[in-house]
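For reference, the structure is listed below as structure tokens.
The values are calculated or read from the model by the stated rules, or taken from the named source; none is laboratory data. Keep in mind it's a predicted model, so treat the numbers as computed, not measured. Because the Cβ atoms are built from the backbone with ideal geometry, glycine has one as well, and the counts that use them run over all protein chains shown.
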Amino acid sequence: MIFKGSMTALVTPFRHGEFDAAAFRDFIEFQIEKGTDGIVPCGTTGESATLSHAEHVAVMRAAVEAARGRVPVLAGTGSNNTREAVELTRAAKEVGADGCLLITPYYNKPTQQGFIEHCKAILKEVPLPMVVYNVPGRTCFSMTVETIAELARIPNIVGVKEATGDMVFASRVLEAIPPGFSFLSGDDFTFLPSLVLGGHGCISVTSNVDPAGVARIYDLATAGDWKAARQEHHRLTPLHTVLFSETNPIPVKAGVSMLGMCTEEIRLPMTPAAAATKQKLSAAMRELGLLPQEK
């Protein structure tokens, strides 16, 4: 299984309107040192929708170079335009990414068969391990259990990132997929519940600011210490809550900047976190020991 454990949906650092590659490399080093099992550049949290094609490639290349093979790199290459997704996936393969994360097409609202053909068309051009990403809250399209099961039988489709937050749906998917097919929670709140059901990991937003804490949930659960994993889950819940109190990645970008790992700069149409959000976030991070206590 290529993709499992605690995987961070990386923020993309900006400085004066440009991609800050130096900050990004340092941030990835921090992630690996703190126990992150894999990194996911150019996803929603990485503001992929506002990256130019050249920036998208630069971010993927920087992630691969910084990881140096120590953890897998699952690069976001999805689009609502199949041709564009092919181009981005080809670029991911060329820079050495271990796989591609393919969001379901937004706005177009394809049929279930349309999405299956979208995936097949990309794989026909670029045979790179693919994780399909189900996030109807962003795309207005949700894969059915039957569609995920069919995709799981296609060579090179190796997993699903499931971000509905619906544990009944998650349970049905886990019953339908074959052994060796990765089920990755795309929702921090449901990471531990999905592990209980047989899931294999999480593509996490929270691990941007507390990579060690999120990694502990996976490590404790896989070691069979469910009581301690549950305690860690509850310990992180206040942080999850504030990180999703405004549209992702607004709060998490503020959180990473509080760690001194990047500027708070975020691209329109996103705007910086509200003062009240930042106050709650700094309090939650201090409570977890991620920031020094105020004197």
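Here are some notes:
- Search result, residues across region 38-64 that are surrounded by 22 or more Cβ atoms within 10 Å (Cβ to Cβ), within 12 Å of the chain's Cα centre (by Cα) and not hydrophobic (A, V, I, L, M, F, W, C): Gly38, Pro41, Gly43, Thr44, Thr45, Gly46, Ser48
- Residue within region 19-28 that is out of contact with any helix residue (DSSP H, G or I) (no Cβ under 8 Å at 6 or more places or on another chain) and assigned to a strand (DSSP E or B) present: no
- Cβ separations smaller than 8 Å between residues 6+ apart or across chains give the following pairs from region 111-136 residues that are in contact (Cβ under 8 Å) with a residue 12 or more places away in the chain and in a strand (DSSP E or B) to residues that are among the charged types (D, E, K, R) and crowded, with 21+ Cβ neighbours inside 10 Å: Val131/Lys161; Val132/Lys161; Tyr133/Lys161; Asn134/Lys161; Asn134/Glu162.
- Checking every residue in region 219-228 against the condition of being in contact with an Asp or Glu (Cβ under 9 Å, 6 or more places away or on another chain) and among the hydroxyl-bearing types (Ser, Thr, Tyr) gives zero matches.
- Single match in Pro178, Pro193 (criterion: of a type outside the set (Ser, Thr, Tyr) and closer than 30 Å to Ala121 by Cβ): Pro178
- Hits in region 221-233 - residues which are part of a helix (DSSP H, G or I) and either out of contact with any Leu (no Cβ under 9 Å at 6 or more places or on another chain) or among the aromatic types (Phe, Trp, Tyr) (or both): Trp226
- Matching residues, region 254-295, being more than 21 Å from Lys34 (Cα to Cα), surrounded by 13 or more Cβ atoms within 10 Å (Cβ to Cβ), of a type in the set (D, E, K, R) and without any contact (Cβ under 8 Å) to a residue 60 or more places away in the chain: Glu264, Lys278, Lys280
Condition check ((1) assigned to a loop (DSSP other than H, G, I, E, B); (2) in contact with a strand residue (DSSP E or B) (Cβ under 7 Å, 6 or more places away or on another chain); (3) closer than 21 Å to Thr247 by Cβ) across all residues:
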position	(1), (2), (3)
Ala49	no, no, yes
Met60	no, yes, no
Gly69	yes, no, no
Glu87	no, no, no
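- Selection of region 1-37 for residues being buried (at least 23 other Cβ atoms within 10 Å of the Cβ) and β-branched (Val, Ile, Thr) yields Thr8, Val11, Thr12, Ile28, Thr36.
- Residue within region 189-199 that is closer than 18 Å to Ile39 by Cβ and at pLDDT 95 or above present: yes
- The residues in region 89-110 that are farther than 13 Å from Asn156 by Cβ and either at pLDDT below 95 or not in a helix (DSSP H, G or I) (or both) can be counted, and the count is 11.
- Flag if Phe244 is crowded, with 23+ Cβ neighbours inside 10 Å and among the aromatic types (Phe, Trp, Tyr): no
- Restricting attention to region 65-94, the residues that are surrounded by fewer than 24 Cβ atoms within 10 Å (Cβ to Cβ) and in contact with an Asp or Glu (Cβ under 8 Å, 6 or more places away or on another chain) add up to 5.
- Enumeration of residues in region 137-174 that are in a loop (DSSP other than H, G, I, E, B), closer than 16 Å to Leu101 by Cβ and small (Gly, Ala, Ser): Ala152, Ala163
- Conditions (1) within 30 Å of Asp26 (Cβ to Cβ); (2) among the small types (Gly, Ala, Ser); (3) surrounded by fewer than 22 Cβ atoms within 10 Å (Cβ to Cβ): number failed by Gly99: (3)
- Within region 141-189, tally of residues that are in contact with a helix residue (DSSP H, G or I) (Cβ under 6 Å, 6 or more places away or on another chain), surrounded by 22 or more Cβ atoms within 10 Å (Cβ to Cβ) and more than 22 Å from Asn108 (Cβ to Cβ): 5
- Members of region 176-191 found to be of a type outside the set (Gly, Ala, Ser), more than 19 Å from Ala229 (Cβ to Cβ) and in contact (Cβ under 8 Å) with a residue 12 or more places away in the chain, listed by number: Ile177, Pro178, Phe181
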